[in-house]
Amino acid sequence: MTSDHRTPVIFDHDGGIDDLLSLLLLLRLPNIQVIGVTIAPADCYPDDALISTRKLLTLTGNNHIPVAVGNLSGPNPFPPEWRAQPKMCHATPVMLRTSLDSVVVSDLSADAWMERTLSQSTGGVTVLKTGPATNLAAVLSRNPELASKIEKVVWMGGAVDVKGNVAMHDHNGTAEWNAYWDPKATRELVKSGVPLCLVPLDATNALPVSWPFLQQLAEKNTPVSDLAGQFWAATVTAIPSYEFTYFLWDILSTCVLALPADKLTVESGSINVSTVTPNAGQTFRDEESGFSCTWVSEVDAEYVKAMVIHYLSGEFIHAPMPFVK
C-alpha cells in the first residue's frame, strides 16, 4: 500500500472501448493510485489505444502516470473491425480538444516496463488486466520471483461454468476472447502462482450495456457522463452479424477493486487452460491437474451499475466522493 493508503495499481489493457472506459473509471476510484498504464496490441490498433490513453490521462489531471506500449502478439487476432472500433474514442469533441503531449510514453515495451517497475517496487502492487494475459505472463515467465511483489492480479478473462464468446470456424465456443487471444500466456498466468482473481463471463453476463443503463448515465448530464455515453454509443450496433451484445466486461473487473465484499461472490478451486484447438483458451475446472485460482461467479448487478454511473459522472479533474448505497 502507498503512504496515503491507496492501492498502487498497474493497469494493463488492450485499448478497446470498454478498456478506455475502465481507465476513466479507475482514475476516479478514491481507493486507487494508478502507477502506470500498459497496452497490449490485442482488441485495438496500438496507435489509437495510445492516443486515447494519453488524452484520458490529460483530461483527468493524471499527466504524471507513465504509459508503455506492448509488442507481443497472440496467435488468435481479434477481428479487425473490433480493433478499429476504438478509433472513434479520440474523435469525440472533448478528446479532439485535449492535448496528449505532456504524458510520458516509455521507451520500454509494456512487459519490460512492467518487469522493471515490479523489480523496483517494495511490493503490494495490484495488477488490473482487461486485455489478454500476454504482458504479465511474459514477465512472470522470465522472472517468476516477481510474483512476490504482486498483491493480486484481477483479470477480465475466462469462462468457468458458462459458454465462451469466441465464434471462430476452428473453435467450439468454450473460450472467452481475452483467454483465446493467447492461450499459452493464459495458461502461464494461471499456473504462475501469483494471487489471481478472474472476472470471467460467469459474472459479466449479468451486466449487458442496456438502453436503460445508458439512459440513466445520460441523465447525469455532466462532462464525464457525456464522454462515457459517447464511448458506449459506439457499441450499440457492435457486430450485428455476430449476434454480439456488449457487456460491462472490463468495467466490472475495475469495480472489483472497490466493491464491498457482500456485493460479489468469489469462488476458489483449480483451473486449467487448453492451449490447442478446438477449445484453445478454455478455462475449466480441473481438480486433478489444474492450478489454484479464485474467480468472481456472481455480483450484485444493480449495485455495480449504480456505482459505475456514480463514478462516471461529474467533472473530469475532481474525483467524486466514495459511493454509498
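Quick notes
- Some residue of segment 47-57 being among the basic types (Lys, Arg) and assigned to a loop (DSSP other than H, G, I, E, B): no
- Checking THR237 against (1) free of Cβ contacts under 8 Å to residues at least 12 places away in the same chain; (2) assigned to a helix (DSSP H, G or I), the condition it does not meet: (2)
- Among all positions in segment 209-217, there is no residue which is within 20 Å of the chain's Cα centre (by Cα) and over 29 Å from MET88 (Cα atoms).
- Residues in segment 144-181 that are in a loop (DSSP other than H, G, I, E, B), among the charged types (D, E, K, R) and under 17 Å from the mean Cα position of the chain (by Cα): GLU176 only.
- Look at segment 172-183: where a residue is in contact (Cβ under 8 Å) with a residue 24 or more places away in the chain and at negative phi and a partner is assigned to a loop (DSSP other than H, G, I, E, B) and among the basic types (Lys, Arg), sitting 6+ places away or on another chain with Cβ atoms under 7 Å, you get THR174/LYS163.
- Annotation: PRO80 fulfils all but one of (1) modelled with pLDDT under 95; (2) within 14 Å of the chain's Cα centre (by Cα); the unmet one is (2).
- Number of the exception - ASP4 against (1) under 22 Å from PRO93 (Cα atoms); (2) modelled with pLDDT under 95; (3) not small (Gly, Ala, Ser): (1)
- Entry remark, segment 279-325: residues being crowded, with 18+ Cβ neighbours inside 10 Å and in a loop (DSSP other than H, G, I, E, B) number 8 in total.
- Of everything listed in (1) under 21 Å from ASN205 (Cα atoms); (2) over 19 Å from the mean Cα position of the chain (by Cα); (3) of a type in the set (A, V, I, L, M), the single unmet condition for LEU257 is (2).
- Condition check for ASN76: assigned to a loop (DSSP other than H, G, I, E, B), of a type outside the set (Gly, Ala, Ser), buried (at least 17 other Cβ atoms within 10 Å of the Cβ) and touching an Asp or Glu at 6+ places or on another chain (Cβ under 8 Å): yes
- Test result for LEU128, within 26 Å of LEU24 (Cβ to Cβ) and over 19 Å from the mean Cα position of the chain (by Cα): no
- Number of residues in segment 153-181 that are acidic (Asp, Glu) and closer than 28 Å to ALA258 by Cβ: the value is 2.
- Subset of segment 195-238 [surrounded by 15 or more Cβ atoms within 10 Å (Cβ to Cβ), under 30 Å from PRO75 (Cβ atoms) and either of a type in the set (Ser, Thr, Tyr) or touching a Pro at 6+ places or on another chain (Cβ under 9 Å) (or both)]: THR204, PHE231, ALA234, THR235
- As a summary of the residue check, LYS263 satisfies the conditions (1) touching an Asp or Glu at 6+ places or on another chain (Cβ under 8 Å); (2) surrounded by fewer than 17 Cβ atoms within 10 Å (Cβ to Cβ); (3) at pLDDT 95 or above except for the one numbered (2).
The values are calculated or read from the model by the stated rules, or taken from the named source; none is laboratory data. Source: prediction; values computed, not measured. Cβ sites come from the backbone with ideal geometry, for glycine too, and all protein chains shown count toward neighbours.
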